[in-house]
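Take a look at the structure set out below.
The values are calculated or read from the model by the stated rules, or taken from the named source; none is laboratory data. Quick caveat: nothing in here was measured; it's all calculated off a predicted structure. Note: ideal-geometry Cβ built from the backbone for every residue, glycine included; neighbour counts use all protein chains shown. Calculation scope for accessible area: heavy atoms of the full protein, side chains included, ligands and nucleic acids excluded. Shrake-Rupley method; radii C 1.70, N 1.55, O 1.52, S 1.80 Å.
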Amino acid sequence: QAGLSFYGKLPWGIGAAGVRVGAIRPLHTPGEEAANLEVPIATRFFAGGRTSHRAFPTDRLGIEGETLTDGDPVGGAAMVLLNLEYRRPLHGPLEAVLLLDGGNVWAEVGDVTWGEMRWGAGLGLRYDTPAGPLRLEYGLKLDREEGESRGEVHLSFGVPF
């Protein structure tokens, strides 16, 4: 598992980018179950929520029938997450945020494909405190599937990536 984050000044604000990838392979010869089910649940990858993909509820980003069962997360053996933000100061410690999140969780490392990436864009307000930012963000699914919500609201404390 690896992650990189970049921050820098942009015209009239700050840009931030984050990339996280992960892959797990069981050490023993795989049985009849998918790789994600042979890995202990505490070790599997989960995504969605205030610190990974803000257009989805916590841990609910995945592929139905593989890393989700009836919408409930079972976790995966591979994960890719991409995050972009543009932060613009409004007044004092208050900032507006534009965000773009992409990613997914797959059952097997060999299943990872760009075409199954899920995308979300959104807006947020951030109040910087000495201990970290207090964030109110809304992520809108850009590729909403049948039965899914349009997006998610997250109220949280700390940096997202």
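Would you rank VAL97, VAL153, VAL74 by solvent-accessible area, highest first, keeping every protein chain in place and using a 1.4 Å probe?
VAL153, VAL74, VAL97
Determine by what factor the alpha-carbon radius of gyration of the chain differs from 2.2 N^0.38 Å, reporting the quotient.
After normalising by residue count via 2.2 N^0.38 Å, the value is 1.10.
Just want to confirm a number: the relative contact order over the chain, from Cα pairs under 8 angstrom separated by 6+ residues, in percent.
Reported relative contact order: 21 percent.
Report the per residue volume, in Å³, of the convex hull enclosing the C-alpha atoms of segment 66-126.
Looking at segment 66-126, the number lands at 100 Å³ per residue.
Please give the FRET efficiency for LYS9 paired with VAL159, using the beta carbon to beta carbon distance and R0 = 25 Å, rounded to the nearest 0.05.
0.90
Which distance in nm do the two modelled labels at LEU125 and HIS91 give, with both placed 7 Å along the Cα-to-Cβ direction?
Here the modelled spin labels are 1.0 nm apart.
Using the Cα centre of segment 1-117 as the reference point, and only Cβ charges (+1 on K/R, -1 on D/E), how large is the resulting charge dipole? Debye, rounded to the nearest 20.
Charge dipole, segment 1-117, about its Cα centre: 860 debye, nearest 20.
How long are the semi-axes of the equivalent ellipsoid of segment 2-83, defined as square roots of 5 times the Cα gyration tensor eigenvalues? Whole Å, largest first.
The three semi-axes for segment 2-83 are 30, 15, 7 Å.
At a 10 angstrom cut-off on C-beta neighbours, averaged per residue, how do the peptides 60-73, 139-152 rank from highest to lowest?
Top to bottom by mean Cβ count within 10 Å: 60-73, 139-152.
Express in whole angstrom the spacing between the alpha-carbon centres of segment 1-35 and segment 77-150.
One Cα centre to the other: 14 Å.
Could you look at segment 64-143 and say what percent of its accessible area is carbon and sulfur, using a 1.4 Å probe and all protein chains?
Carbon and sulfur: 67 percent of the exposed surface of segment 64-143.
Do the sum for the chain: with -39,500 (n - 2.57) for every DSSP H run of n ≥ 4, divided by all residues, what is the mean residue ellipticity at 222 nm, to the nearest 500 deg cm²/dmol?
-500 deg cm²/dmol
Using alpha-carbon pairs under 8 Å, 6+ residues apart, how would you state the relative contact order of segment 107-161 in percent?
30
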